[in-house]
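Nothing in this text is a laboratory measurement; each read-out follows from the coordinates by a stated rule. This structure is a prediction, so every number in the text was calculated from the model and none was measured. All Cβ positions, glycine included, derive from the backbone under ideal geometry; neighbour counts span all protein chains shown.
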């Protein structure tokens with residue numbers, strides 16, 4: 001049977017770099033097609049509420065930030081759940097704390113999907129704005145590529161859509177969600 | 001007298017970042033406590049200058065934990081500003097979503113965020129499956145998944161888990177701590193339900209989605225009602241929802257409530273000696289209408305005087321910042337961050353030292369406790385027939401009095417009791433909705449012409465949400481949001497002091513606590529977890545000046 005795969009963008013869209021996972025997931029959703037299809041989820045700051053997803057899918061990829069002062073801004077790490085939990089976790093944002101603890105809790109159940117966490121070291125998670133810092137902009141293409149490679153490694157074919165949905169457009173949507181124009185994730 | 005300071009930072013298994021500092025005497029008894037919100041979050045600024053119709057979408061992102069609650073509160077405050085009347089069916093649909101969330105949140109809190117403060121996983125390994133089955137029968141005549149073979153398979157899973165060295169990640173489980181009082185069999189019963197509750201979550205979250213539309217972020221609540229999902233009142237949709245709730249009720253009645261009873265009985269001494277009791281001031285704004293009644297009564301209790309419950313009056317709410325990292329007027333949100341002492345501890349020595357990002361809401365100048373315990377006490381003493389029998393039954397089965405609930409374990413019991421009567425209430429709500437449909441009352445959105453609405457307006461929403469009282473306040477100017485502010489449940493419970501030095505509910509609840517082993521302050525975690533803290537939205541800051549001040553101390 002074909003594996004059920006989910007890509008979860010996690011973070012808070014309103015605190016600059018903390019939203020990078022969300023922007024990344026949205027970017028991938030708008031610019032690529034997958035065969036077989038994968039589920040792309042707006043994980044936002046759901047934290048513990050993501051537990052059901054972890055059990056419903058065979059493979060889960062979470063993309064988020066991971067504050068780590070020993071690393072350079074923009075550094076990207078790819079970890080399995082075990083690796084993620086074994087490392088000395090530096091958790092700064094509310095969301096980083098929750099993702100780690102949610103993985104701990106779920107690790108007790110056998111129904112938990114194979115989970116990979118792709119994290120980027122943020123520069124500014126304090127400013128209240130929908131944007132990315134310069135260093136994260138520099139790392140953006142690599143962040144997307146690494147995520148796509150991970151998806152591809154699960155045997156999924158990726159095709160670039162014709163349209164080019166820019167990061168700028170995505171930031172604009174997150175900054176101006178609107179009921180009227182049905183502009184959300 | 002020599003005292004020792006214990007610092008726990010961060011408190012784990014909560015949403016957000018909380019720090020606790022307690023001073024204990026030579027016997028390990030807490031003499032003083034300070035609780036501090038350590039994350040500095042600014043969200044309300046995002047809502048400034050927006051179209052009021054989008055307030056829900058933005059507020060829903062304040063924090064995903066309560067995305068639905070903030071979404072609804074924001075939309076309700078806009079409706080209040082414009083004096084929009086909701087169709088009854090829309091109100092019911094919103095309530096059905098909210099009630100499913102109460103169930104989901106309470107179950108996750110009890111099992112996944114809190115139970116390991118009482119349950120020792122390593123002890124469960126020594127349980128005998130047969131005796132476990134017998135033990136579970138003490139708390140319910142038909143316990144949830146109670147066969148020997150089921151317990152055997154749970155034991156096998158657990159022992160594989162422990163053997164694989166995976167217990168490591170649960171670094172805050174102080175396995176083997178002398179304060180773990182449950183027998184191996186009791187531990188196994190609750191752990192078995194812990195695993196079941198993980199599955200439970202996946203189903204109950206679907207109940208919210210049935211009316212919420214796209215998950216995990218619901219989008220169906222709009223100013224004026226509910227929409228975006230076609231045929232909201234389709235019988236199949238109602239059926240699916242009911243089916244999930246029926247199954248949920250099985251788990252609540254046969255696992256969650258019995259486990260709360262088990263804890264209440266096992267920790268009777270703690271309960272009777274008042275461990276975790278706060279100031280005894282309780283606040284509930286009430287809500288969730290049914291006929292001429294409400295599921296929760298509104299009211300205010302002072303100093304555990306249950307016989308004199310005052311009505312809730314919103315003008316009595318104030319928000320102060322004497323000892324929070326702000327200056328000027330509370331609404332200006334100007335930062336005044338003072339950093340820590342040189343030894344890394346909070347600055348608390350003087351009565352004007354600032355030590356938290358959490359503001360200090362007060363009711364009639366008093367510190368308040370809000371949440372399931374407040375709702376249960378107030379509604380029960382107001383003779384609310386939708387809940388009374390549930391409270392009576394629990395107290396009878398555990399041989400406790402109402403006052404006993406005002407403790408750490410009692411707070412958990414109140415949450416479980418509440419989950420029980422919410423299930424019952426949901427069935428009533430659904431039959432009301434079916435009645436509406438029968439009489440062709442299927443309107444779920446009140447039409448309005450946005451351009452003809454007032455350009456200047458003020459509104460507010462007071463909602464009881466799983467963790468307690470949530471208030472949103474909105475000011476609209478030139479048809480845009482001019483000002484938005486939130487007082488979240490945790491803001492009430494985790495409040496710092498003011499100049500008067502009166503402790504917040506968390507701080508007061510920690511006082512007098514005996515800590516067996518100061519290097520393993522399990523008791524402190526228990527007390528704080530029993531309030532179901534959620535810091536992500538309790539801390540708010542609105543000024544971009546904060547940029548330079550947002551230092552994180554881990």
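Structure notes:
- Shape of the range B:81-198, Cα gyration tensor, a/c cut at 1.5: prolate
- Each peptide among A:163-173, B:456-466, B:191-201 gets the average number of other Cβ atoms lying within 10 Å of its residues, and from highest to lowest they stand as B:191-201, B:456-466, A:163-173.
- Across peptide A:36-46, the average count of Cβ atoms from other chains found within 10 Å of a residue's Cβ is 4.
- Shielding by other protein chains, A:125-131, mean Cβ within 10 Å: 5
- FRET E, pair residue B:518, residue A:129, Förster distance 56 Å, beta-carbon r, rounded to 0.05: 0.85
- In terms of other Cβ atoms within 10 Å, B:148, B:112, B:472 run from fewest to most in the order B:148, B:112, B:472.
- Exercise: per-residue mean of other protein chain Cβ atoms within 10 Å, A:48-58: 6
- Each DSSP beta bridge with both residues in chain A is either parallel or antiparallel, and the antiparallel ones are about 35%.
- The range B:21-128 shape via C-alpha gyration tensor axes, a/c threshold 1.5: oblate
- Full-stretch length increase - residue B:290, residue B:388 - with 0.36 nm per residue and alpha-carbon distance subtracted: 33.7 nm
- Relative contact order (percent, whole number), the range B:119-188, Cα cutoff 8 Å, 6+ residue spacing: 65
- Beta bridges by DSSP in chain B, antiparallel share as percent, to the nearest 5: 95
- Arranged from fewest to most other beta-carbon atoms within 10 Å of their beta carbon, B:357, B:175 become B:175, B:357.
- Alpha-carbon centroids, the range B:287-329 and the range B:42-112: separation in whole Å: 19
- Global form of the protein assembly as shown, assessed from the alpha-carbon gyration tensor, a/c cut-off 1.5: rounded
- Between residue A:82 and residue A:154, the simple spin-label model (points 7 angstrom out along Cα→Cβ) gives 2.0 nm.
- Segment residue B:306-residue B:339, extension gain: residue separation times 0.36 nm, minus the distance between their alpha carbons: 7.8 nm
- Mean-position separation - Cα centroids, the range B:443-516 and the range B:134-153, in angstrom: 42
- Modelled spin labels at residue B:9 and residue B:246, positioned 7 Å past Cα toward Cβ, are 5.3 nm from each other.
- Part-to-part distance (alpha-carbon centres) for the range B:359-403 and the range B:254-286, which is given in Å: 11
- Helical runs assigned H by DSSP (4 residues or longer) give chain A a calculated mean residue ellipticity at 222 nm of -10500 deg cm²/dmol, each run adding -39500 (n - 2.57) before division by the residue total.
- Packing here is the average count of other Cβ atoms within 10 Å per residue, and on that basis the peptides B:297-308, B:274-285, A:107-118, highest first, run B:274-285, A:107-118, B:297-308.
- Annotation: the antiparallel percentage among DSSP beta bridges lying fully within the protein assembly as shown is about 75.
- Estimated from helical segments only, the mean residue ellipticity of chain B at 222 nm is -11500 deg cm²/dmol, where each DSSP H run of four or more residues counts as -39500 (n - 2.57).
- Summary value for chain B: 26 percent relative contact order, contacts being C-alpha pairs under 8 angstrom separated by 6+ residues.
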